[in-house]
Each structure stands twice: as C-alpha cells, then as structure tokens.
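Computed from the coordinates by the stated procedures, all read-outs in this text should not be read as laboratory data. These figures come from a predicted structure and were not determined experimentally. Here Cβ is always computed from backbone atoms with ideal geometry, including for glycine, and neighbour counts include all displayed protein chains.
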Amino acid sequence: MENKRKDSLSINLVQIGVWILILLIPGGINYMISGGTELSSSILKAMLVLMIGPLFLYILNYTALVPRFLFSEDRKKRKWFYLANIIIILVLNFRKFFPGKIPSETRELIPFGDNEIAGMYAAIIILSVIFQSIFILLAVGVRYIMRSHRQKIDLQEAKRQNAEAELSWLKNQLNPHFLFNTLNNISSLTQIDPDRAQESIGQLSSLLRYALYESNAPTVPLDGEISFMEDYVDLMSLRCNELTTVEKNFVHPKGSVQIAPLLFISLIENAFKHGVNSRHTSHVDIKMYPDGEDLVFRCSNSFFEKTGSDEIGSGIGLENMKRRLELIYPGAYKYTAGREGEEYSALVILKGILSKKADGSSLIPQQQQ
C-alpha cells in the first residue's frame, strides 16, 4: 500500500509539472510573436482562456469521472462518464454557439458573407470540441496506464502470497506418513544399533525444528538448508535395505549465500519414493555444488516403472517446486528432469545465486506494504 501511494504521488507530481509547462506555452508564444520586445496581454489572455477548458476537463476526468464511472465494474455507471463530458463540453462552448452581433466597424473589415462567417464559427466549435476531447482521452490514457500498473503489482503480490502459501504446504510434505516410517525405523534400531538410533532421533529433531521454525523467512542461509537436506537424506535412508546404495555430496560454496527454503525436498522425496525397490538393486545419488556463480543440484536414482497418478514426475510437490522456481527465480534458473535408460535424473541450476547479496533481498519479489 505504501508503494502504491508513492507511485500515485510521483505520477501526480509529474502531471503538475507537465501542466505548468503547458500553461507557460502561451507566454512563450506571445514572447516570440512580440519579438521579445513587448507583451501582448490580449493574446496572452486569449491563449490562457483557451487552456482553461481542457485543464478543467482533464482534472475532472482524471480525479473523478474516469475512476468512478468509466472504470466502474457496474456497466450502468459508465454512461454517466459520457453524459457528463458531453454536458461539460456543451457548457464550455455555449458562447461559441451564440457569437452575438458583430460590431459594424469590425464587420466592414471582414471580407466574408454571413454564410462564410457562420462556417468559421462552426469550424471553431468543431476544433474546440476536438481539442477538449483530446485532453479527456489523455486523462483516460493516464488512468488506464496507472490501473494496468497497479493490476500488475497486485498480480505480483498475489503470486507472492500464493508462493508463501505453497511454501507452507510444502512444509507439510514432512507428513505423518514420513514421521511414522521414520519413528518405526528408529524404534527397530534401538534393539540393533542404539547409538545410530540416538543419532537418528537427533537428526529428526533438527529436521523438524528447521522445517517448523527456521524456514519461515523468504530466504535462508544455504549452509542451514544443506544441513537440513543431509539429515533428510539420512532419515530417508533408514527405509532402505542392503540392496540400495545412497550417496550424497553437498559442497558448501564460499561466503554467505541465501536460498529459498525447502526448495529441493520434493526432488529428494521423489527419488526415494520412485527409485528404491526393496527386492531389486537400487541407488539414489544426490549432489549439490557451485559452478562459477551458479548453484547446481543433481538428483539421480534407479528407474522403476510406475503407472497412473503414481508415475514419476507427476506429483503435486514437483509442480509446486516448479511454480516456486518460476516465481522466485524468474529467468534465472534451469530445470530438467526425465528418464535416461534405467535411470531417472533431475537437474536444477540457480543462475547467479552465488553472486547475490547475503540478505537475499534481490531474490524475492518485494512485498507491498
């Protein structure tokens, strides 16, 4: 809201400046006509009078008629825009319809007949109406541009709010099913490997704390996100038997880097969900590493044929991730995914993210106050 007020103030100041220049034009023309030696008050007065009508029409349309009637959602109100302008134009040109008797001394100087004089008055009226209509159209045009700009801002704000809602939804991907399986696996480990069970409980605690409390900001430190993904992969690995090989390699880039939180969890979850088979040899390989100013995330896994809504790559979480990429990193990311032989792989490249400011402010659309 604050940004909208600032935009309106800036536009109004620009318009005031333009109108001041326009009103100075008659004086400039008068100065040039007189050759810079004298001022003709009659010419100057005539020119200023000529501008009063258009100025009045512009201000009235800009401040009231266009926003309240022409752009009204109620179509019945739009007729008042046209009716009001027609009445105002008739009032402004009323005297031109009745020029009165021309003085005899002036009449002798005019080498035209009555018909020619009437034609001149008609031409003056037509030109006056056209001139005034142009300023009505200018008011409509300025208001249309302002409305389009505000609609664009509102759309961006709606997308931002939608992304935040999607982020909240994505956090819920750490669903009870995942927690149930993880706790069952940890419970089994308490009999076999108590030390690893205790370590897994600590990882689960860190994972939940991060997802619930530390990922509420638009961006988070990349180091914290990597630690979260490492814990997530370790806990997902508890579900795998000896036939599955899980490899992870997260390379921490130098410096302080910010990233949108929980961005790659759907890819990791997808790899374990569709790439692990307890009866066949399986593998999951997850990597993240810097490449110049870009950040690269690769995820590859065994491919086991799926059908229907369970087909790999068709999940809501992946669609959610793609929408977030488009909103948060428009034109600055690359995403590819698909099958290569007996393997399914996904690649996400965040372009130039390692050169962004540490606060990540340039990554997220600004919130309208």
* Among beta bridges that DSSP assigns inside segment 172-355, antiparallel share in %, nearest 5 -> 80 percent
* Say the cut-off is 20 Å between C-alpha atoms; which of LYS248/LYS351; LYS159/LYS254; LYS254/LYS287; LYS287/LYS334 go over it? -> LYS248/LYS351; LYS159/LYS254
* To do: Please order ILE11, ILE259 by the number of other Cβ within 10 Å, starting at the fewest.
  => ILE11, ILE259
* Asked: Relative to the present Cα-Cα distance, how much length would full extension add between GLU199 and ARG147 at 0.36 nm per residue of separation?
  -> 13.0 nm
